[in-house]
Amino acid sequence: MSTTIDVSVRAEAIGSDPMAVVEEISGWLSTPAEEVDREFACELDRLRIAVSVMNSDAAAGDRRAHYCQQLLLARIYQLTMQIPEQPTAEGSVVVHEVMRLLEAATLAAEDDRIEPGILDQAPAQPKAYLSWLKGTARAHRVFKHPYYQDFIKDHATVDDLRNYVMQESVVDGRFDDLLAMMQVGTSGGAKMEIATNFWDEMGNGNQAEVHTHLFNKIFEVFEITSAELEAGLSANALLSGNLAVLLSRYRTFYAEAVGFLGMTEWLVPDRFVQVVKAWERLGLPDVGIVYHRLHITVDAQHAAGWFHNVVIPAASSPAMRRGMMRGALWRLNSSCRYLDERMPTTDR
C-alpha cells in the first residue's frame, strides 16, 4: 500500500509541523458536532491532505509524525470512551473523516510488519490452530522480553515503575470498557466467556474490587495526574491503546479483537510476576500492587477460558482464523516495539 504524498500536494498541508494539525483538530473536539460540521466542512479537503501527509511521514519512519498521528487518534477516541461534561464533536462527519484516515494508516502500518505468508500457514483444525497460535507467540521476541525478565524485575527504579504504569494505563486502565464494546453482537459460549471476564473486571459486583478502581490506586501511590498522563505517553503506548479501542469498537474487526485481547491476557501473568517482584524490592505501598497480584491468577484463568470458549469455536471459520491471528500478531509486534523503546540505553 503506497503512502507517498506528492510534493505539490504536501505543500497544501497545514504548516510544516504535524503538531499544528493535532492542535487545530483537537481544538474542535469540545465543540458540538453540528457546529464543527457547519463551520469546517469546507475545510475537509485541506484536512485530508494534512492528515495524509502526517500518515505518510509516520509510515516513512518520522517519529514525530507517528507520535502526532497516535496522539490525535487517541484524543478523538476519548469522545467515545468517557462521559463528557459538555457537548462534544462526537458524531461529527468532519472528525469521523479524520479518524478513518488515521485508523486506515495505523492498520496498514501494522499489516506491513506481519511476516509475509504467515497468515496462510494456520491449520484448519481448531485445536491445532490454537496450538499453532500459541507456538507462534512463544517464538516471538516479545514473549519473554528482557524489559520484564531483567530490567523491571532487577533494575527498575521507583521513577521507572511510575513511568511504566502511565504507559500501561492505555490498556489496563480501561480493559472493562474494551470488553463491554467487544461483546456486542456475540452469542453463545463466546458471549458468556466475555461476560464472565467482564464481571471479574467489575470485581464480581464489589465496587471496591473493580479492577479499574484498583489500577487507579497505583496512580494515587505515584501521585499521577490526568494532565501528566497524556503528556507522558509515548507514541507506541498511544498506539497500543488505540489498537485496542479500534478493534473493540468495530464489529468488522471482531476476529482481530479476539486475537489482540486474548494475547494481551495470555502475556499478563508472567509479566506481572516481574512487576510484583520489582514493587516488593522497592518497598512501595502494598495498596498499589493489588491490581497486579490479582491479575497474575485471574488473567491466567481468563486466557484459558478465552482460548477454549472463544478462539477454538471461532477457528472453524477460515476468515476468523485469519483475523484472530492477524490481531494476535498486531499485539505481539506492537508490544515488542513498545517494550524495546522502554529498555534503558545505558548500563545501570
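The values are calculated or read from the model by the stated rules, or taken from the named source; none is laboratory data. Here the structure is a predicted model, which is why all the values come from computation and not from measurement. Positions of Cβ are generated from backbone atoms using ideal geometry, with glycine treated the same way; all protein chains shown enter the neighbour counts.
Determine, yes or no, whether Ala257 is closer than 23 Å to Asp340 by Cα, touching a residue at least 60 places away in the same chain (Cβ under 8 Å) and not aromatic (Phe, Trp, Tyr). Here the answer is no, as Ala257 does not meet what is asked. Counting residues in region 158-173 that are over 14 Å from the mean Cα position of the chain (by Cα) and over 19 Å from Lys277 (Cα atoms) gives zero.
Pairing residues of region 66-83 that are under 12 Å from Arg249 (Cβ atoms) with residues that are of a type in the set (Val, Ile, Thr) and at pLDDT 95 or above, at Cβ distances under 6 Å and at least 6 apart in sequence or on separate chains, gives Tyr77/Val245; Leu79/Thr88.
Considering only residues in region 14-44 that are touching a Lys or Arg at 6+ places or on another chain (Cβ under 9 Å) and either in contact (Cβ under 8 Å) with a residue 60 or more places away in the chain or outside any helix (DSSP H, G or I) (or both), the one that is surrounded by the most Cβ atoms within 10 Å (Cβ to Cβ) turns out to be Ile25.
Every test in (1) surrounded by fewer than 14 Cβ atoms within 10 Å (Cβ to Cβ); (2) within 24 Å of Ala300 (Cβ to Cβ) is passed by Gly117 save one, and that test is (2). Evaluation of Gln207 against the conditions (1) in contact (Cβ under 8 Å) with a residue 24 or more places away in the chain; (2) of a type in the set (S, T, N, Q); (3) within 23 Å of His302 (Cβ to Cβ) shows that the sole unmet condition is (1). State whether one or more residues within region 37-46 are assigned by TED's automatic domain parsing to the domain that holds Ala108, at pLDDT 95 or above and within 22 Å of the chain's Cα centre (by Cα). No, there is no match, as no residue in region 37-46 is assigned by TED's automatic domain parsing to the domain that holds Ala108, at pLDDT 95 or above and within 22 Å of the chain's Cα centre (by Cα).
So, of the residues in region 144-161 that are surrounded by fewer than 19 Cβ atoms within 10 Å (Cβ to Cβ) and touching a helix residue (DSSP H, G or I) at 6+ places or on another chain (Cβ under 7 Å), which turns out to be farthest from Phe215 (Cα to Cα)? Across region 144-161, the extreme among qualifying residues is Gln149. On the basis of being hydrophobic (A, V, I, L, M, F, W, C), more than 20 Å from the chain's Cα centre (by Cα) and within 18 Å of Leu246 (Cα to Cα), does Val93 make the cut? When the stated conditions are applied, Val93 passes them. On inspection, Met54 does not qualify as outside the structural domain of Gly232 (by TED's automatic domain parsing), within 17 Å of Val245 (Cα to Cα) and among the aliphatic types (A, V, I, L, M).
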